Structure formats: structure tokens, C-alpha cells
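Participant: Have a look at this one before I ask anything.
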Amino acid sequence: DQSGLAYSVGTTLDRFIKSKQRDFPFASGELSQLLRDIALASKIVNRETNRAGLANIGGAFGQTNVQGEEQQKLDVIANIRFIRALSKGGEVCAIVSEEEDAVIDLQNKSGKYVIAIDPLDGSSNIDVNISIGTIFSIYRRKTPIGSPIQEEDIMQPGTEQVASGYVLYGSSTMLVYTTGFGVNGFTYEQSLGEFFLSHPNIQAPETGSIYSINEGTQNDWAPEIKMYLDACKEKKYAARYIGSLVADFHRNLLKGGIYIYPATKKNPNGKLRLMYEANALAFIAEQAGAVASDGNMRILEIQPKDLHQRTPLFIGSKEMVKEALSYARKTA
Ligand code: AHG
Ligand code: MN
Ligand code: MN
Ligand code: MN
């Protein structure tokens, strides 16, 4: 095509998931169905996101969530949409959500999977038409199907994820996920209502020249974070910070870069949540050849103790995270 405008709408997400299912002849197909349920809910949230400015679903909801954040209407809508899709789907027995104080026990006797979800990430960006997202982690329950849900089914380290992913509601809407065999990205074709494979086998660049951190909190950082940032500036790296973790992570994953949310005086464990923000992205990062650390250890190896526990996050290109962490060690 001479115009360069032709684009391929080849493999749908459904077809891709089905083709992968054939690689696991003994798997029951429930994980595949679960991924399709998530994709369906994300299409609904995408629709709500697109019309938010017209439909009076912008702005604050009027309540705070368990972490004391003011909920936006779209936070609540996305939470409801995903919980509904996951409950109806039948594959899930329990849900951990940013917007729910406690675990939701679906009392589903046949559900094998536990989900942790940030239904809407970057909610401060909703009302200003800037990219937002959804983040999800999928675990297999540890105790037998049909028995009551136990603590050990929920409090699993990120290494136990069987799949994770995110949806980015951006200049286009994308779904990116991994089941532990590489990372694939799908772009939503609005008029057809389908996700199509657009970014097969995503590989993160080993290094890059973008750094992403909220520099407004600089006076509250440990000195080594500032030292690393000074080194970034010395090298004339580009500062890019959207304030939606999904969007900042996605950009750096494709282009090469580092995202840091450090401990601050206000948030001594950082701000981001281990179970439904850091773990999912850490799994994707590692599957794409990037890395994720809390400053001391691999994010994926942290044993969660609290549903809403926070963690500092250093995530992105291997070489850049390595360098950032070397500053911490130099001063330790
Ligand atoms: P959420 O909207 O799900 O509560 O997440 C907000 C998070 C994350 O998306 C973003 O990277 C970070 O908060 C931004 O925090 P600062 O405004 O402190 O930079
Ligand atoms: Mn929030
Ligand atoms: Mn979030
Ligand atoms: Mn959120």
C-alpha cells in the first residue's frame, strides 16, 4: 500500500488466546476464558472512559477508599464492571481490589483463580483526558477447589502469578498481558469491537534515556535517589512523567527507560501497591527482559502481608535499574 495507511487486522485477541490454549493440551481453558472476561470488561470501561466527559461520570464520587484516597466516579464504575465480569465468568473464587477494603469471596465452588486488580489506574488524570489504565494479576488458588478461601490463596508472592496484564486507555486502547511465555500487546479496534495483536513478543530495550519520577517530592527522598537523578540529568536523559503508572510503564517498556516511585517522608513504603500495581507490571517487565525491584529485592519475591501494602518501585530497562540501585548500595 503506497499511502502507508493500510494496517493489518489479522489476529484477534480471542484467536490468539485460543491458539495458545492448543499449546497446553491438558489445561482446561478456564484461564483463557478468564482473560476473555477481563478483555470484555475492559471494552466496557473503555466505552465509559471515552464518554466520561459527556455522561456526567467525571469528578469525585464523594467517598474515600481504604487507603484514604478520594474515589473518582470512574474508579467506582470500573470496579463494578470488573467485579461483575469476574463474578459472572465463573473461573474466579476471590477478588482483591484497590477499591474494596477486604477480599471479595465470590463463594464460587468451581472457581480456581484469585484476581488482584487496580480497576482504574491514574484516576487523577480522568477529568483531564489523559491516559489511564487497568492492572490485573491472576493467581491459582492453593487450597482445593470448593473449600473455603484461605489466607494462603490470597497472600501469594508475585512469583506465583499465572498471568498478569494491563489495559491502557490512551491515544489508542491496548491490552498487554503475559502468561509467563513472553509479552504480547493488542490494540483495540473501536468500530469492530475487537482487540488485535499489534505488538507480538514485546522485548524491552536493555537501556534507554527516559526517566520517570514525580520530582515534586524530591525533598522527601533518600539522598541516593537524588544522586541517581543528577546522573540522569548529567547524561541529558528525557524526563517523562504522566502520573498514570500504566502509561508511564508502557512507554518505558517500549522505548527504554526507568520508572521510580521511591519511599518518601509522606509514604515511607512508597505509594504504589504491591498486590495490584507492582506485581503485575513486574511480571510483565521480567517477561519482556526488563526488571523490577523495591530497592533491595525483586518485587516478585516479596511476601505480601497486607492486601493494600505499598512498596517502593524501581522498574524498567535492566541497565538503568541496575545503575539506579547501585547508588543505593554506594551510600549504604
Ligand atoms: P490510582 O489512580 O490507581 O490510585 O494510582 C495512582 C498512582 C499511579 O497511577 C501513579 O503512577 C501514581 O499514583 C502517581 O502518584 P503521584 O501523583 O504521587 O506522582
Ligand atoms: Mn486510587
Ligand atoms: Mn493505580
Ligand atoms: Mn486505581
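Participant: Let me make sure I get this right: for the stretch 213-278, a, b and c are the square roots of the gyration tensor eigenvalues over alpha carbons, sorted descending. Under 1.5 in a/c it's rounded, otherwise prolate if a/b > b/c, else oblate. Which is it?
Facilitator: Since a/c reaches 1.5 but b/c is at least a/b, the shape of the stretch 213-278 is classed as oblate.
Participant: Given the stretch 58-101 reduced to its alpha-carbon atoms as identical point scatterers, what log10 I(q)/I(0) does the Debye formula return at q = 0.16, 0.23 Å⁻¹?
Facilitator: Values, matching the q order: -0.45, -0.78.
Participant: May I ask you to derive the FRET efficiency for ASP105 and LEU192 from their Cβ-Cβ distance with R0 = 35 Å, giving the value to the nearest 0.05?
Facilitator: 0.40
Participant: Tell me which of GLN21, ALA78, ILE126 sits at the most positive position along the dipole axis of the chain, charges placed on C-beta atoms (Lys, Arg +1; Asp, Glu -1).
Facilitator: Highest projection toward the positive end goes to GLN21.
Participant: Given points 7 Å out from each Cα along the Cα-Cβ axis, report the GLU206 to ALA27 separation in nanometres with one decimal.
Facilitator: With each label placed 7 Å out from Cα toward Cβ, I get 3.1 nm.
Participant: Note down the magnitude of the dipole of the stretch 6-108 about its Cα centre, charges +1 on Lys and Arg C-beta and -1 on Asp and Glu C-beta and zero elsewhere, to the nearest 20 debye.
Facilitator: So the dipole magnitude of the stretch 6-108 works out to roughly 740 debye.
Participant: Shifting gears a bit: So what is the orientation-averaged projected area of the stretch 29-149, using the convex hull of its C-alpha atoms, in nm²?
Facilitator: 7.3 nm²
Participant: Treating each Cα of the chain as an identical point scatterer and ignoring solvent, apply the Debye formula and state log10 I(q)/I(0) at q = 0.11, 0.16 Å⁻¹.
Facilitator: Each listed q corresponds, in turn, to -0.69, -1.47.
Participant: Given all pairs of different Cα atoms, what value in angstroms does the Kirkwood hydrodynamic radius of the stretch 100-259 take?
Facilitator: After inverting the pairwise mean of 1/r, the radius is 18.2 Å.
Participant: Oh, and also: Tell me, how many Å apart are the Cα centres for the stretch 78-124 and for the stretch 208-269?
Facilitator: For the stretch 78-124 versus the stretch 208-269, the Cα centre distance is 30 Å.
Participant: Output needed for the stretch 271-316: three equivalent-ellipsoid semi-axes, defined as square roots of 5 times the C-alpha gyration tensor eigenvalues, in descending order, whole Å.
Facilitator: Working through the eigenvalues yields semi-axes of 17, 10, 9 Å.
Participant: Another one. Ratio of the stretch 167-230's C-alpha Rg to 2.2 N^0.38 Å, to two decimals?
Facilitator: In units of the 2.2 N^0.38 Å rule of thumb, it is 1.63.
Participant: So how do 230-242, 194-206 stack up, highest first, on mean other-Cβ count within 10 Å?
Facilitator: 194-206, 230-242
Participant: Now a separate question. Given H placed on each backbone N at 1.01 Å, which residues far from GLU189 in sequence or on other chains put an amide H within less than 5 Å of it?
Facilitator: When sequence neighbours closer than 5 places are left aside, the close amide H contacts are GLU194, PHE195, PHE196.
Participant: Then there is this: Quick check: pseudo-label points 7 Å beyond the Cα along Cα→Cβ at GLU319 and THR64, how many nm apart are they?
Facilitator: Rounded to a tenth, the inter-label distance reads 4.5 nm.
Participant: Can you bin every Cα-Cα distance in the stretch 235-321 into 5 Å intervals starting at zero and give me the percent of pairs per bin, rounded to whole numbers?
Facilitator: 3, 15, 27, 27, 18, 8, 2, 0
Participant: For the stretch 95-189, just the Cα atoms, rotate onto the principal axes and tell me the three extents in Å, largest first.
Facilitator: 44, 32, 23 Å, listed from the longest principal axis down.
Participant: A 28 angstrom limit on the alpha carbon distance is what I want to check against. Which of LYS236/LYS305; LYS235/LYS322; LYS73/LYS266; LYS43/LYS112; LYS142/LYS266 exceed it?
Facilitator: Table pairs above 28 Å Cα-Cα are LYS236/LYS305; LYS142/LYS266.
Participant: Show me the three semi-axes of the equivalent ellipsoid for the stretch 29-87, from the C-alpha gyration tensor (sqrt of 5 times each eigenvalue), largest first, rounded to whole Å.
Facilitator: Equivalent ellipsoid semi-axes, largest first: 24, 15, 6 Å.
Participant: Show that you can apply the helix-only estimate: for the chain, add -39,500 (n - 2.57) for every DSSP H stretch of four or more residues, divide by all residues, and state [θ] at 222 nm to the nearest 500.
Facilitator: Computed mean residue ellipticity for the chain: -9000 deg cm²/dmol.
Participant: What order, most packed first, do the peptides 297-307, 176-186 have when packing is the mean number of other Cβ atoms within 10 Å of each residue?
Facilitator: Taking the mean over residues of other Cβ atoms within 10 Å, the ranking is 176-186, 297-307.
Participant: Right, here's the next one. Subtracting the Cα-Cα distance from 0.36 nm times the residue separation, let me have the gained length for ASP230 to GLU160 in nm, one decimal.
Facilitator: 21.6 nm
Participant: Taking every Cα atom in the stretch 184-332, find the radius of gyration and the maximum pairwise distance Dmax, and write them in Å.
Facilitator: According to the Cα coordinates of the stretch 184-332, Rg and Dmax are 15.6, 55 Å.
Participant: Restricting the count to DSSP beta bridges whose residues both fall in the chain, what percent are antiparallel, rounded to a multiple of 5?
Facilitator: Bridges in the chain that DSSP calls antiparallel: roughly 80 percent.
Coordinate-derived values only; no laboratory data. All of these numbers come straight from a predicted model, not from anything done at the bench. Cβ coordinates were reconstructed from backbone atoms using ideal geometry, including for glycine residues, and neighbour counts include every protein chain displayed.
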